[in-house]
Amino acid sequence: MNIGIYIYDQAEVLDFSGPFEVFSVANRLANLDWNIWLVAEEESLVEARGVFQVKPHYSIQNVPELDVLIVVGGVHSDELRKTEVINWIRKTTEKTHITASVCTGAFLMAEAGLLDGLEVTTHWEDISDLHRNYPRVQIREGTRWIEQGKLFTAAGISAGIDMSLELVARLADAELAEQTARQMEYAWNRTTN
């Protein structure tokens with residue numbers, strides 16, 4: 001299984017490192033055949049929040065076909081103006097089993113037209129902007145993550161870890177998700193609220 005986490009300059013570090021750790025730990029514990037990759041617009045160094053520099057594994061031009069796509073949040077306004085990125089998110093989602101956002105990654109999914117008419121969540125601080133900019137999206141506040149078919153959205157930052165553990169439960173099984181949370185010394189909040 002190929003899991004891609006889309007990152008960009010000024011992405012929130014825990015938005016991508018949290019899910020990366022969840023999938024990597026689950027992969028190691030169960031000896032699964034999961035590839036977990038960071039994907040960016042280009043293969044050059046990305047400078048996330050807090051001047052955290054990270055090198056993506058692939059660019060959107062050369063990443064192998066993905067089964068799971070995670071779109072992270074952060075300072076996302078520049079990403080919304082990148083037609084190639086938004087089109088890639090839309091086209092990739094046509095083929096994925098699951099596409100999910102963490103935090104303001106929901107804005108990129110909404111810009112791609114993926115969330116129209118669906119219940120979604122994002123970081124509490126950005127809910128009013130998401131509602132104003134994408135009025136067809138139905139916002140649900142006070143929830144850690146929401147599932148709408150194959151699309152998932154998570155609230156801010158650490159909520160992406162809860163959602164990613166739920167994805168492990170779906171993609172493998174709940175016992176592995178629980179073992180992963182235990183290995184990470186993480187108190188998994190499995191409920192959406």
Relative contact order, percent, of segment 89-138 when contacts are C-alpha pairs under 8 Å separated by at least 6 residues? 36 percent
In Å, the Kirkwood hydrodynamic radius from C-alpha pairs for segment 1-107 sits at 13.7 Å
Cα coordinate range in segment 74-120, projected on the principal axes (Å, largest first): 27, 23, 17
Go through 9-16, 58-65 and give me the packing order, highest mean Cβ count within 10 Å leading. 9-16, 58-65
Compute the distance in nm between two label points, each set 7 Å from the Cα along the Cα-to-Cβ direction, one at ASN62 and one at LYS82. 1.6 nm
To the nearest 0.05, how large is the calculated FRET efficiency for GLN138 and ARG49 if R₀ is 30 Å and r is the Cβ-Cβ distance? 0.60
Calculated from DSSP H runs of 4 or more alone, at -39500 (n - 2.57) each and per residue, what is the 222 nm mean residue ellipticity of the chain, nearest 500? -11000 deg cm²/dmol
Which order, highest average first, do 143-150, 19-26 follow once you tally other Cβ atoms within 10 Å for each residue and take the mean per peptide? 19-26, 143-150
Between the alpha-carbon centers of segment 146-193 and segment 114-132, tell me the distance in whole angstrom. 20 Å
Theoretical gain in end-to-end length, ALA187 to GLU42 [0.36 nm per residue, Cα-Cα removed]: 48.7 nm
Subtracting the Cα-Cα distance from 0.36 nm times the residue separation, let me have the gained length for LEU29 to VAL13 in nm, one decimal. 3.4 nm
Accessible area of the chain belonging to carbon and sulfur atoms, whole % at 1.4 Å probe: 45 percent
Taking 0.36 nm per residue of sequence separation and subtracting the Cα-Cα distance, how much length would be gained by fully extending the chain between ARG170 and GLU125, in nm to one decimal? 13.3 nm
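The values are calculated or read from the model by the stated rules, or taken from the named source; none is laboratory data. Everything numeric in this text was worked out from a predicted model, so none of it was measured. Don't worry about glycine lacking a Cβ; one is built from the backbone with ideal geometry, like all the others, and counts go over all protein chains shown. We work out accessible area using only protein heavy atoms, side chains counted, and drop any ligands, DNA or RNA first. Shrake-Rupley method; radii C 1.70, N 1.55, O 1.52, S 1.80 Å.
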